[in-house]
Structures are given as C-alpha cells and as structure tokens.
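Input: a single structure, listed below in structure tokens.
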Amino acid sequence: MEKKDTAIHMPKTDFPMKGNLNQREPEFYKKWEDDKVYENLLEKRKKENAPSYILHDGPPYANGNIHMGHTLNKVLKDIVVRYRSFKGYYSPYVPGWDCHGMPIEHKVAENLGSRAKTMTKPEIRRLCHEYAMKYVKLQGDQFKRLGIMGDWENPYLTLNKEYETKMVDIFWEMYKKGLVYRGLKPVYWCCRCETALAEAEVEYADHKSTSVFVKFKIKDDSKSKAKPGKDTYVVIWTTTPWTLPANVAIALHPDFDYAVYEGAGEKYILAKGLKTQFEEKTGISGLKEISVFKGKDLERAVCQHPFVDRDSLVINADYVTLETGTGCVHIAPGHGHEDYVAGLKYNLQILNPVDACGRYTNEFEMMKGEHVFAANEKIVELLKEKNVLLAQEQITHSYAHCWRCKSPIIYRATNQWFISMEKDNFRAQALNEVKNVKWFNEWGEDRITKMISGRPDWCISRQRSWGVPIFVFTCKDCGESIVTEKTIAKVRALIKEEGSDGWFKHSAKEILGDDCKCPKCGSDNVDRGSDIFDVWFDSGASSFSVLETRDDLSWPADLYLEGSDQYRGWFQSSLLAAVGFKGKAPYKSVISTGWVVDGQGRAMHKSLGNVIDPLSLIKKGGADLLRLWVASEDFTTDQPISDEIMSRVTDSYRRIRNTFRYMLSAVNDFKKEDMVPYEELSSFDKYALHKMQVLLDSLDNYYENFEFYRVYREFSNFCSLFLSSYYFDVLKDRLYTFKSDGKQRRGAQTVIYKMLINLTKAIAPVLAFTADEVWQFIPQELRNESHIQLEKWTVEKEPLLDAQTVEEWETFNKLRDAALKKIEDKRKEKLISHPYEAVVNIKYASAKLDRILKKLSKEEVEQMIIISGVSYSPAEKLEEKEWDFGLEITASKSEGIKCERCWRYVDAVGKDSEYPGLCSRCVENLG
C-alpha cells in the first residue's frame with residue numbers, strides 16, 4: 001500500500017496581511033465606478049420593488065478642502081445608506097452643495113482686489129460660479145476618496161436652474177399666504193460683509209466692550225403715577241455706548257421695586273435689588289433711600305436725552321432683569337429686537353443713524369463717518385463732557401460675530417424682506433410639525449422647539465451679488481413692491497431657461513414685457529429688486545428642489561443627519577420652508593452629531609495647532625481607518641481624534657483584518673457541496689453559530705438605531721475575544737490535522753464560511769473598502785454577487801440555542817478559563833512550554849457541572865481546552881449547587897509522547913510502524 005502524505009492541511013490565502021489601504025483604495029473605487037456598482041445596486045432594488053429609504057444630504061459649502069467635520073458627516077451618511085441598501089431598501093444617495101453666499105463672493109472679491117469695484121454683477125457672478133464649481137469638483141473627489149457611494153455624476157447644486165426654479169414656487173406659495181413682507185426692522189448686520197444676517201449665520205465669541213452707567217434727567221413726570229421730581233435722574237447701564245445716539249426710551253420692569261436714592265448731591269432712580277452693585281461700580285456709597293415705587297408707576301415719565309435734543313420715554317418691559325446694571329434699560333428700537341418690539345407697543349421712533357459699513361450718518365452729525373466701534377470711546381468722552389457719566393468699565397463678554405468673516409456685528413434697522421412667524425398661525429404650525437418628527441437625540445425636540453418658539457421673523461434678504469434674487473419688482477414712482485401671478489410666471493420661465501443669472505442680465509421690461517406695470521399706480525417705471533435670498537432659504541428649499549424633482553427620490557425624506565449646529569440652521573430653515581410651502585415637515589426623523597475635537601476635548605483651531613487634516617490621514621493609512629474611527633465613538637456627542645486614538649483604531653483594524661484573513665485561508669479548499677447540515681454539526685459549532693447570530697441581531701439593531709459605536713465594539717470584541725482567542729484556536733486541530741474531507745473538518749469550514757459571508761456583510765457599511773476586498777478573495781462559487789455592496793443582510797438566520805444550552809456553554813467557558821489559568825501557572829513555573837504538554841484533572845461536587853461534562857466527550861473537552869488529556873474526579877455525592885461547588889483543577893505535565901503531526905502528547909504515538917511518529921488519530925485522518 002502506498003504511504004500516505006503526512007502533511008497537515010495548512011491554511012492558504014493570497015489576501016495580504018498588510019492592507020496598504022492608502023495605495024489600494026483608489027483602485028477599489030475605480031473598480032466600483034467601472035463596474036457601475038452604485039447604479040447596478042439601485043437597478044437591482046428597483047426590480048425587487050424594494051421600499052425606499054431616503055437620506056437627504058445637507059449641502060456643505062463649496063469652499064476649500066474637506067475637514068474632519070466633513071469626514072464625520074459624510075462617512076456617517078454612507079454607513080446609513082449602505083446599511084439600508086443591505087437591508088433591502090432602495091436607498092439612493094444624492095450629494096449636494098450650497099453654492100451661493102458671502103464666503104465665495106468674498107474670496108472672489110479678495111482675488112480681484114481693486115478691480116472688483118469696476119465689475120458688473122453678472123461679471124462677479126460668473127467668477128463666483130467658476131469658484132463654486134471648482135470646489136464642488138475638488139470636494140467631490142475627496143468625498144469619493146472616503147469611499148462615499150452616491151450619484152456623483154448628478155449632485156444637486158443650489159445654483160442649478162432646476163433648483164432655483166423650485167425656489168420660485170416656494171417663495172410664491174409663501175407670499176400668497178401672506179407670510180412674506182417687507183419692513184423696517186433691526187436685523188443682525190455685518191459691517192464688513194455689508195449685509196443682513198440670519199440667526200443661523202451668527203456665532204458667539206468673547207469680545208471686549210466698554211460698559212457705562214449714564215444718568216437721564218427727568219423732564220416731565222406729570223403722566224406717571226410716581227412723582228420723583230425733575231431734579232432726579234434715571235440711571236441706565238449699557239455695554240453698547242455707540243447705540244445711545246438712537247435712544248428714545250428707558251425700560252423698567254413693571255413689577256420690580258425701584259427707589260429714589262440720594263447720594264453725591266444728586267438723586268438717582270434704580271432697582272432696589274441692584275443698589276449694592278451700583279455703589280460698588282460707581283463708587284457712590286452711602287445712598288439714602290428717599291422713596292420706593294413699582295416700575296409700572298413711573299411709566300410715561302419723560303427724560304431728557306443726555307446729549308441729543310430729544311425726549312426719552314419711560315416704558316415698561318417684562319424682559320428687564322436684575323442680573324446686572326440698574327434695572328433701567330436703554331431702548332434704541334433701531335438697534336435691537338426687544339427694543340423694536342417695545343417700540344411698536346409704545347409707538348416709538350425707529351432711528352438708525354448708522355450706514356451699511358457701520359459708520360454714523362448725518363443723523364448723528366457730530367460723529368458722522370466714524371465707525372461705531374471706534375466711536376465708543378468718543379461717546380464716553382461726550383458723556384463725561386455732558387456730566388452724565390457715573391462710571392465706565394471694560395468688560396469681556398460673549399458677543400455676536402459673523403460666521404463668515406468672524407467680525408463682531410451690530411443690530412441695525414433696515415428695510416428687509418421677512419417671513420412672518422405669526423401670520424397664518426405659522427409659528428404654531430411649525431411647532432406642531434416638530435411633534436410629528438422622530439428626534440433621535442433625546443434633547444433634539446426640546447432644542448428646536450425652544451428655538452422656533454423664541455425666534456424673530458426670518459430675515460430672508462441679503463444685500464450681495466452672489467445668490468438667488470428675491471423675485472420682486474419695485475415701482476420707482478410710488479415705491480410699491482410688485483409680486484403677482486403674472487410676474488411670478490414670467491420670472492419662473494426666465495429662471496428655468498437661464499437660471500438666476502437671467503435676473504441680473506435683463507431689465508424689468510425685458511423680463512415682464514407687457515406686464516411691466518405697477519398694479520397700484522399704473523406706472524411702467526418698474527425696476528427689478530437687487531436683494532438676494534439668505535443662503536439658508538436656498539438650502540432650506542432643498543427638500544423640494546431635490547426630492548420632488550428627481551424620479552428616484554421621494555418627499556418627505558426619511559432622515560436628516562447633520563451637526564448639532566443645524567437645529568438653528570438647516571434643520572430649522574428646511575422645516576420653515578416646508579411648513580410654509582406644504583404645511584408639513586420635510587423629514588420623518590432627525591439625528592445630529594457632536595463636534596470633532598482633539599484628544600483633550602478642545603475644539604480644533606489653527607491658533608491651537610491642533611487641526612487634523614483628513615486628507616493627510618488618508619495618505620498615511622487609508623480611508624477605512626478614518627471610517628472605523630467615525631464608527632468608534634458615539635457620534636451624538638463630541639468625537640475626539642488624536643494620534644493616540646488613531647493608533648488604537650489602527651490596532652483594532654489589524655485584528656479585524658487578520659480575522660478575515662484567517663477565515664479566507666481556512667476555506668481555501670471548501671466548496672458549497674462540502675457544507676455540513678446544521679443537524680450534523682458538533683455542539684461547539686452550533687454554539688459558535690448561535691454566538692454569530694446573536695451578534696448579527698445586535699449589530700442589526702445598533703445600525704437601525706444609529707449606535708455605530710456599539711457595532712464597532714461588539715464586532716471588534718467578537719473577532720478578538722471569541723474568534724481569534726477561542727473558536728479559531730480550538731478549530732486549528734480539526735482544520736489542520738483531521739481528514740481533509742471528513743465531517744469534522746468540513747463542519748468547522750462550514751461554520752467559518754458562514755461567518756466569513758455574514759461578518760463581511762455586517763462590517764461592510766463601515767469598512768467599505770476592506771469588506772469588498774475580502775469579498776473579492778472569496779471564491780466565486782462561494783458568493784452570489786460580484787461586489788459585496790450588491791448583497792443583502794443575512795438572508796437565512798442561523799438557529800438559536802435554547803436558554804439552558806447557552807447557560808451551559810457559558811458555564812463551560814468559565815471552567816475552561818479556570819483550567820487555562822492553571823496551565824498558565826505551570827508554564828510560568830517552566831514545567832511546560834505549550835498547553836499540549838498538559839493534562840488536566842477536574843475534581844467537582846456540582847451536579848450541574850456533571851450534567852454539562854456528560855454532554856461532551858472527553859476528546860471534545862480536550863480540543864476546547866487545547867490539552868492532551870482530561871480526567872474527572874466527581875464526588876461520591878453530587879449536590880445541586882453552583883457549577884464551581886467543590887471544584888479543584890489540577891494541571892500536570894503529560895507522560896505521553898509528542899505526535900509529530902498534531903503535537904499532542906498521547907500514549908497512542910508509534911502504534912503504526914509505517915508512521916512511527918504519529919498518533920493513532922492522525923494516522924486515521926491522513927488524506
């Protein structure tokens with residue numbers, strides 16, 4: 001008889017141990033594009049009549065390279081879309097860009113220098129368009145480098161004609177409802193950008209201001225209940241002395257106690273609760289209380305403005321507080337929203353002696369041309385000169401800044417276009433729709449509810465060139481704003497044909513033709529408006545401009561996923577636009593992310609030197625490491641990144657990669673016909689499949705609930721703790737030394753094959769490149785689709801073991817751990833060098849453990865502990881107590897002979913003369 005080959009069945013695979021992701025990922029992505037994976041996936045789901053799941057992309061700004069915030073945002077969306085596709089949904093992803101607005105216009109103007117002032121609006125707009133498209137292309141390529149799957153050939157751009165045409169419809173519908181109006185109101189104003197700002201365009205930072213205590217002399221108290229006398233002063237405190245030229249009133253809280261105090265030879269009125277603070281700040285001590293009254297009792301008294309020939313009326317306002325100052329608030333309706341509201345109530349004059357650049361106009365002649373911030377000190381000097389300044393102090397406080405240029409901003413009354421929050425019960429409608437949305441962040445609903453409840457009317461106009469025009473004409477004779485069904489129809493046709501550029505190229509007469517007439521006075525002296533839309537109105541329109549204009553999408557979206565700053569930004573503008581246009585929320589559910597911070601939890605700033613560039617990280621280690629980092633933390637809170645954190649993520653990636661490499665190598669000679677039926681698998685293999693199915697069910701639930709960090713942790717732990725450290729270790733004996741086509745080896749391969757297929761799918765939404773790389777190394781006959789993206793989540797679930805069996809396995813695992821500890825002790829004592837040199841005796845008195853051990857053969861126990869022999873010493877009387885009752889485990893060195901093939905130390909070595917170095921089991925398993 002021919003002697004059989006004694007070689008063991010070594011695992012084999014060409015799957016590289018080292019990923020070289022930075023070099024190979026671009027090849028993978030090109031292959032996806034060449035094979036039209038995204039298009040084929042959508043076509044496949046269409047043929048299956050799959051339900052749709054639409055994640056609508058919030059448009060990033062087309063300006064600059066991508067940063068870590070972009071990375072977090074886009075990878076999270078890609079994980080969601082890939083997971084939903086795996087679950088059998090038709091889930092297209094249409095990326096978008098916000099292409100209009102000040103940052104682009106500012107960059108273009110910066111590049112042009114002095115030439116910018118000589119150029120026409122159409123010329124400026126052409127350069128802005130080119131600039132935006134340059135960065136759409138650049139960022140698109142960078143997003144693809146992250147592995148983001150989507151319709152990159154047809155992204156949505158807010159500058160596209162189709163997009164802008166839908167904005168005409170939205171504006172007209174809201175205008176017809178009476179929500180849109182033009183009015184003189186104070187708005188956030190950036191003097192550097194020379195435009196109005198929306199709330200979402202304002203950010204807060206520390207700012208140094210001069211605070212002043214100023215006295216206003218009572219001129220007339222005949223109309224007030226309290227009669228403090230004309231020799232008394234009402235004292236105000238303000239941190240914006242530059243607004244004093246526009247003062248027309250002083251506000252007191254109607255229910256607070258105010259007192260007339262005598263000190264320093266004068267009489268002052270201030271809130272009783274702020275007397276001590278007033279004395280400390282002004283240095284006027286020993287104030288003597290003369291009289292006390294409620295704030296409402298001084299209403300309608302008249303004071304003299306401290307340096308302008310103007311009255312200042314005492315009014316009441318509930319927003320006055322006792323936190324600081326005097327409880328008497330200086331009111332300038334042209335420079336503050338609350339002041340403006342109070343002004344409406346008392347019919348106060350709205351003064352705005354400040355131009356678009358932040359300089360005083362001839363309405364404040366004595367400082368005409370002075371910038372308001374620079375004029376603060378001059379105002380202080382004027383107050384001293386008039387002997388009305390009681391104290392001044394430099395303070396650092398949180399102050400509003402422009403989100404674009406980072407300059408401090410002002411409130412300034414100008415004629416702007418607004419969307420009313422009160423007309424047609426609009427605010428209440430919006431708040432009601434908030435309740436119909438699923439907010440995954442537990443505080444999300446409360447945050448947006450408070451913001452909408454307290455927000456002012458939405459200022460939608462901007463005084464710039466690069467944007468979508470507000471579709472309104474103006475009669476130059478009577479000043480009437482003209483918006484009619486006819487003008488809107490003409491404008492819509494123009495925008496559809498030429499885009500918003502057409503508005504700036506053609507005159508009102510060219511646009512309107514015979515309809516170029518004022519409906520109020522009949523004049524044909526009509527001009528088109530020069531204001532453009534707030535970019536938040538642009539992006540807020542996206543749910544309709546995108547989801548309703550593409551056949552493969554549907555409205556409303558299933559999900560909006562953006563940063564937590566979007567509660568006051570895109571979440572809110574989208575909601576208001578949708579409620580105004582259609583009366584419904586544009587999304588079914590919303591989830592938000594925290595900020596990307598450094599390893600110390602600090603925000604990233606160039607000044608701190610802690611900015612991390614995602615492109616550099618990709619060049620160094622590949623995009624899949626960044627994708628794994630995204631999934632490694634709870635993204636609803638701030639997400640830290642540092643070299644140390646990335647090092648840990650890299651280690652985790654290596655363990656996952658090696659797990660897949662081992663699985664590929666273990667099934668190198670396996671075919672589908674080699675599958676062993678579940679019923680014929682060993683109990684240990686069934687337990688392994690149970691563990692896998694429990695994991696898959698958990699991961700499915702975590703993906704569903706956006707808990708990707710739990711996916712990362714449990715998947716990593718399963719690979720490291722169960723597979724690599726336990727199951728694969730145990731299987732090596734069967735895989736390497738048992739008969740190549742025997743049931744025990746094929747059973748092990750059956751389980752590994754199932755794990756390979758299912759675990760590759762399970763992590764594919766996160767490790768997009770690596771998962772498809774693994775997929776390509778699975779033999780063609782063992783997989784259905786050419787790319788893993790075309791697959792579905794587990795088609796057939798593995799059977800789950802009953803609770804008692806699972807408990808028994810968990811008990812056995814504890815016994816195994818205890819035995820391994822005893823073996824490790826012997827290794828440390830240098831009595832053995834490998835577990836196969838050991839034999840173990842298990843002494844016990846637990847009936848529970850006895851039942852468990854009787855369900856397993858000794859050979860199975862030896863294989864699972866990876867030892868050469870096991871013996872039991874049960875007590876004469878077993879008791880129904882815990883498994884470790886009376887437990888004693890003894891490890892000792894085996895007296896057997898080492899088998900050259902399986903390395904076990906057993907007595908049965910050399911029994912066959914043809915194979916003197918092999919044990920009987922190995923001889924039986926040759927071939």
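The alpha carbons of the range 810-895 occupy a box of 38, 24, 22 Å along the principal axes, longest dimension given first. If R0 is 35 Å, the Cβ-Cβ spacing of Glu680 and Lys47 corresponds to a FRET efficiency of close to 0.45.
Just the number please: accessible area per residue for the chain, 1.4 Å probe, all protein chains included, in Å².
Result: 43 Å² of accessible area for each residue.
Computed from the Cβ-Cβ distance with R0 of 41 Å, the FRET efficiency linking Lys288 to Cys357 stands at 0.30. Its residues counted as N, the range 639-790 yields a C-alpha radius of gyration over 2.2 N^0.38 Å of 1.07. When peptides 848-860, 446-458, 406-418, 669-681 are ranked by their average number of other Cβ atoms within 10 Å per residue, the highest-first order is 406-418, 446-458, 848-860, 669-681. For a straight C-alpha distance cut-off of 19 angstrom, the lysines reachable from Lys406 (same-chain residues fewer than eight places away being disregarded) are Lys107, Lys208, Lys606. In plain terms, the chain from Lys743 to Val202 could stretch by 187.8 nm, reckoned as 0.36 nm per residue minus the Cα-Cα distance.
Quickly rank 528-539, 129-140, 824-835 as a protection proxy: mean count of other C-beta atoms within 10 Å, highest first. Let's see the in-between values first.
On the way: 528-539: 24.2, 129-140: 17.6, 824-835: 13.5.
Taking the mean over residues of other Cβ atoms within 10 Å, the ranking is 528-539, 129-140, 824-835.
Here the contact order of the range 201-411, divided by its residue count and restricted to Cα pairs under 8 Å and six or more residues apart, works out to 31 percent. All other residues whose Cβ lies under 14 angstrom from that of Asn436 are scored, Lys and Arg at +1 and Asp and Glu at -1, for a net of +2.
Placing a pseudo-label 7 Å from each Cα along the Cα-to-Cβ vector at Glu365 and His337 gives an inter-label distance of 3.6 nm.
Which of the peptides 770-780, 735-745 is most tightly packed, and how do the rest follow, going by the mean number of other Cβ atoms within 10 Å of each residue? Please report the intermediate quantities before stating the final value.
On the way: 770-780: 19.5, 735-745: 17.9.
Going by the mean number of other Cβ atoms within 10 Å, highest first, we get 770-780, 735-745.
Taking the range 255-335, which chymotrypsin sites (Phe, Trp or Tyr not before Pro) meet the DSSP loop condition and have no more than 16 other C-beta atoms within 10 Å? Write out the running numbers ahead of the final one.
Numbers: sites: Phe256, Tyr258, Tyr261, Tyr268, Phe278, Phe293, Phe307, Tyr319; in loops: Phe256, Phe307, Tyr319.
Answer by residue number: Tyr319.
Whole-Hz Karplus values for the range 284-300 come out as 8, 9, x, 4, 9, 6, 9, 7, 10, 7, 7, x, 5, 6, 9, 4, 6 Hz, taken residue by residue from phi with 6.51 cos²θ - 1.76 cosθ + 1.60 and θ = phi - 60°; glycine and proline positions read x. Across the chain, the relative contact order, built from alpha-carbon pairs under 8 Å that are at least six residues apart, equals 14 percent. Pair-distance distribution of the chain: all C-alpha pairs, bin width 10 Å, starting at 0; shares per bin in whole percent are 2, 10, 15, 17, 15, 12, 9, 8, 6, 4, 2, 0, 0. Listed by chain and number, the aspartates and glutamates whose C-alpha is less than 17 Å from the C-alpha of Lys227, apart from same-chain residues fewer than 8 away, are Asp257, Glu262, Glu266, Glu289, Asp297, Glu299.
At the residue level, Arg404 shows approximately 50 square angstrom of accessible surface with a 1.4 angstrom probe and all protein chains present.
Near Ala391, the amide H atoms lying under 5 Å from its own belong to Phe213; only residues 5 or more places off or on other chains count, and H is placed 1.01 Å from N. For the range 486-580, lysine pairs with C-alpha atoms less than 18 angstrom apart, excluding pairs fewer than eight positions apart on the same chain, total 10. Lys and Arg at +1, Asp and Glu at -1: add these up for the other residues within a Cβ distance under 12 Å of Val94 and post the number. Neighbour charge sum, excluding Val94 itself: -3.
Annotation: lysines with alpha-carbon distance below 16 angstrom to Lys177 (same-chain offsets under eight excluded): Lys423, Lys582, Lys584. The calculated FRET efficiency for the pair Glu123 and Lys476, based on their C-beta separation and a Förster distance of 35 Å, comes to about 0.90. For the range 868-927, the list of GluC sites (Glu not before Pro) that fall in a loop by DSSP and count at most 14 other C-beta atoms within 10 angstrom reads Glu880, Glu882, Glu895, Glu900, Glu914. When a 1.4 Å probe is rolled over the protein heavy atoms, the share of accessible surface on the chain that falls to carbon and sulfur comes to 47 percent.
Projected label points at Asp257 and Asn525, each 7 Å from Cα along the beta carbon direction, are separated by 6.3 nanometres.
In sequence order, the range 228-233 has phi-based couplings of x, x, 6, 9, 10, 10 Hz under the Karplus curve 6.51 cos²θ - 1.76 cosθ + 1.60, θ = phi - 60°, and Gly or Pro positions carry x. For trypsin sites (Lys or Arg not before Pro), the sites in the range 340-384 that DSSP calls loop and that have at most 14 other Cβ atoms within 10 Å are Lys368. Each label was represented as a point 7 Å from its Cα along the Cα-to-Cβ direction; for Ser554 and Lys911 these points are 6.7 nm apart. Accessible surface for Asp802 stands near 90 Å², nearest 10, in the context of the full protein assembly shown (1.4 Å probe).
The values are calculated or read from the model by the stated rules, or taken from the named source; none is laboratory data. Since we're looking at a predicted model, the values are computed, not measured. Positions of Cβ are generated from backbone atoms using ideal geometry, with glycine treated the same way; all protein chains shown enter the neighbour counts. Only protein heavy atoms, including side chains, enter the accessible area calculation; ligands, DNA and RNA are left aside. Shrake-Rupley method; radii C 1.70, N 1.55, O 1.52, S 1.80 Å.
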